[in-house]
Amino acid sequence: MITGKESSISPGQYSGFTDYEIVLDLLRKSESAPEIETAEEILIHYGSRLLTQLQENPPQLLADIQKVFEETAKLRHIEHFIGTGNSSLGATSKLTASGLNGYFGPNSFFISTPARVSRDSVIQSAAQSLKIPTLLIGDSDRDILSAHKNNLRVLAVATGHHKIEELKKLKPDYLLDNNWNVHEFLEIISDFERSVGP
């Protein structure tokens, strides 16, 4: 609900957009002033509803993602960071609901903020801050394009609204179909490590 009007969003319409980009666009379309303060109020409401929305994900997908994090956490030279288009509340809600919050330290978050509204700015902030070889994992066209723009290697996983054929056209470094198979992930990580050297 935006300024008293129900906003209809079709599945995938804003795939790859940040929370701030989506809300600001909806505010523009509703002829409301697209102010960051208003956007933040809406995002607080949105973040509180995320837990219910996440329960709609296939349980097996969440179990597979948890397994990948569990196995990569055993590799002491691997660090987990999150670069997300979600706001702080949205990112925290997602990680808590999916059981992944324990894999990320307090300085592991690169999120959408009033100062970093676009996905490009979030990924750019991560690329500038991380001084280690980094493999970005994403499921949208904008994830791949942001990785390319910021000279990051990228693994595209077709678990979002984009089919594998769409993602393949954007030439990610690695590509997986609609799964988070732990053995395939570990093979890709090994290949990535070999390619960047010691």
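No value in this document is a laboratory result; all are computed from the given coordinates. Bear in mind that the values here come from a model prediction, so they are computed numbers and not experimental data. Using ideal geometry, Cβ is built from the backbone for each residue, glycine included, and neighbour counts are taken over all protein chains shown.
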*Sorted peptide list for 118-125, 103-110, criterion being average Cβ within 10 angstrom, highest first*: 118-125, 103-110
*asked:* Under the rule a/c < 1.5 gives rounded, and otherwise a/b versus b/c splits prolate from oblate, where does segment 58-100 land using the Cα gyration tensor?
replied: oblate
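Take each of the peptides 189-196, 143-150, average the number of other beta-carbon atoms within 10 Å over its residues, and list them starting from the highest. Walk me through the numbers before you get to the answer.
Numbers: 189-196: 12.9, 143-150: 21.4.
Descending packing order for the listed peptides: 143-150, 189-196.
Return the subset of K74/K131; K74/K169; K29/K171; K74/K171; K74/K163; K94/K163 for which the Cα-Cα distance in this structure is over 26 Å, preserving the input order. Could you put the intermediate results ahead of the total?
On the way: K74/K131 21 Å; K74/K169 33 Å; K29/K171 33 Å; K74/K171 30 Å; K74/K163 31 Å; K94/K163 23 Å.
K74/K169; K29/K171; K74/K171; K74/K163, as the Cα separations exceed 26 Å there.
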_Förster-model FRET efficiency, 35 Å R0, D191 and A115, C-beta, rounded to 0.05_ = 0.50
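Would you calculate the volume per residue, in Å³, of the smallest convex hull containing every Cα atom of segment 156-198?
Working: hull volume 2.7 nm³, N = 43.
Hull volume over Cα atoms, normalised by residue count, gives 63 Å³.
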*asked:* At 7 Å along Cα-to-Cβ for each site, give me the label-to-label distance between N179 and S129 in nm.
replied: 3.4 nm
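Convex hull over the alpha-carbon atoms of segment 46-198: what's its volume per residue in Å³? Numbers along the way, then the final one.
Details: hull volume 17.5 nm³, N = 153.
So the per-residue hull volume is 115 Å³.
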*Taking H as built 1.01 Å from N, whose amide H comes closer than 5 Å to the amide H of R153, not counting residues under 5 places away?*
T134, L136
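What number comes out for the charge environment of E21, summing +1 per Lys or Arg and -1 per Asp or Glu over other residues with Cβ under 13 Å away? Each step should come with its number before you reach the end.
Details: positive: R28, K29, R116, R119, R142; negative: D19, D25, D120.
Local charge sum for E21: +2.
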